[in-house]
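Heads up: the structure comes next, in structure tokens.
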Amino acid sequence: MEYKRVKDEFKETDSIEDDIENLHEKKSLLGGDSSSREHSKWKIKSIVTVLLTLLTSSQAILIVWSKRAGKYEYSVTTANFSVEALKCTLSLLALTRIWRNEGVTEDNKLATSLNEIIVYPIPAALYLVKNLLQYYIFAYVSAPSYQILKNLNIISTGVLYHIMLKRKLSEIQWAAFILLCAGCTTAQLDSSSDRVLQTPFQGWMMAIVMALLSGFAGVYTEAIMKKRPSRNINVQNFWLYVFGMVFNAVAILVQDFDAVMNKGFFYGYTLITTCMILNHALSGIAVSVVMKYADNIVKFSSSL
């Protein structure tokens, strides 16, 4: 009855501003604090989504820009390790601030059970492979082509989102996936040569593998994040990034051990390399926020 009365008043009021005020007054009687919290969460998600769009859209440019004479002067494995270390540090700093203001609680303490942290190595390993491929794919594609091919991630995410999380996607969402897939292919058509597509076969294969890895890792991570909604996101991020650091340390030992020992860990780093690492770190944290409070589909807002 209360809702009906608010609805009737809304229709009868002439001024839009008065309508909004009246509606807010009525909602406050029915739990306005909850409505205010939801509005605050929506604002945070919107800001994070816009920030994520700007960060991810500039990643390809920064990676290509960090090259010198077509080559990476620095070790890509150390760059990946630096990204994970920076994300881990930022998560710890955020936790320290929370502990200082709210104290240590069951939901924000780092100490946890083996059953909780045993799930993090899987997405950490998948992200390791995907992030390394992100550097090598530029031997076959340009930055704009990469950004277009990156939309293939949405297709794999949508399918895995439906299969793994049992979430139903609307017909509009499926139609959008098909249009994006068609757009990725059409944008790569090459009418100026005998080849059908601009991107060589190796580039397509790497893009498809990256899409599958990103989709599976993203959906799996979202499932972990939402399995315990009350768990502080910084704690969840910390353990994910710790395993990311471990796997990247192994990659350094396997791939670039001699180079790092002879030239140093930060050999070849420039201001652009530093900006690229900062970009990747902030993007990773923004993605985790989206996964925790929205979903994986939202994180592909950079397709715009």
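The values are calculated or read from the model by the stated rules, or taken from the named source; none is laboratory data. Since the structure is predicted, the reported quantities are computational estimates derived from the model, not experimental observations. With ideal geometry, Cβ positions are generated from the backbone for all residues, glycine too; neighbour counts draw on all protein chains shown. Surface accessibility is based on the protein's heavy atoms, side chains included, excluding ligands, DNA and RNA. Shrake-Rupley method; radii C 1.70, N 1.55, O 1.52, S 1.80 Å.
For this structure, a couple of remarks:
- The set of residues from segment 120-143 being aromatic (Phe, Trp, Tyr) and open to solvent by less than 40 Å² (accessible area, probe 1.4 Å) comprises TYR120, TYR135, PHE138.
- Options ALA125, ALA175; residue that is of a type outside the set (Lys, Arg), more than 23 Å from ILE224 (Cβ to Cβ) and part of a helix (DSSP H, G or I): ALA175
- Qualifying positions in segment 83-118 - of a type in the set (Val, Ile, Thr) and farther than 27 Å from ASN279 by Cβ: VAL104, THR105, THR112, ILE117, ILE118
- Filtered by the rule that a residue be touching a Lys or Arg at 6+ places or on another chain (Cβ under 6 Å) and within 24 Å of VAL254 (Cβ to Cβ), segment 89-130 gives no residues.
- Within segment 279-289, the set of residues being within 15 Å of THR78 (Cβ to Cβ) and either open to solvent by 30 Å² or more (accessible area, probe 1.4 Å) or aliphatic (A, V, I, L, M) (or both) comprises just one member, ALA281.
- Selection of helices (runs of 4 or more DSSP H) fully inside segment 198-276 by the criterion of at least 3 residues being touching a residue at least 12 places away in the same chain (Cβ under 8 Å) and out of contact with any His (no Cβ under 6 Å at 6 or more places or on another chain) returns 201-227, 233-255.
Residue-by-condition table, conditions (1) hydroxyl-bearing (Ser, Thr, Tyr); (2) open to solvent by less than 60 Å² (accessible area, probe 1.4 Å); (3) over 19 Å from GLN134 (Cα atoms):
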residue: ALA207; (1), (2), (3): no, yes, no
residue: ALA217; (1), (2), (3): no, yes, no
residue: GLU222; (1), (2), (3): no, yes, yes
residue: ASN237; (1), (2), (3): no, yes, yes
residue: LEU253; (1), (2), (3): no, no, yes
residue: LEU271; (1), (2), (3): no, no, yes
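- Residues located in segment 94-120, provided they are closer than 13 Å to VAL235 by Cβ and aliphatic (A, V, I, L, M): ALA94, LEU95, ILE98, VAL104, LEU110, ALA111, ILE117
- Consider segment 91-139 and keep the residues that are under 24 Å from the mean Cα position of the chain (by Cα) and aromatic (Phe, Trp, Tyr). The one that is farthest from LYS67 (Cα to Cα) is TYR120.
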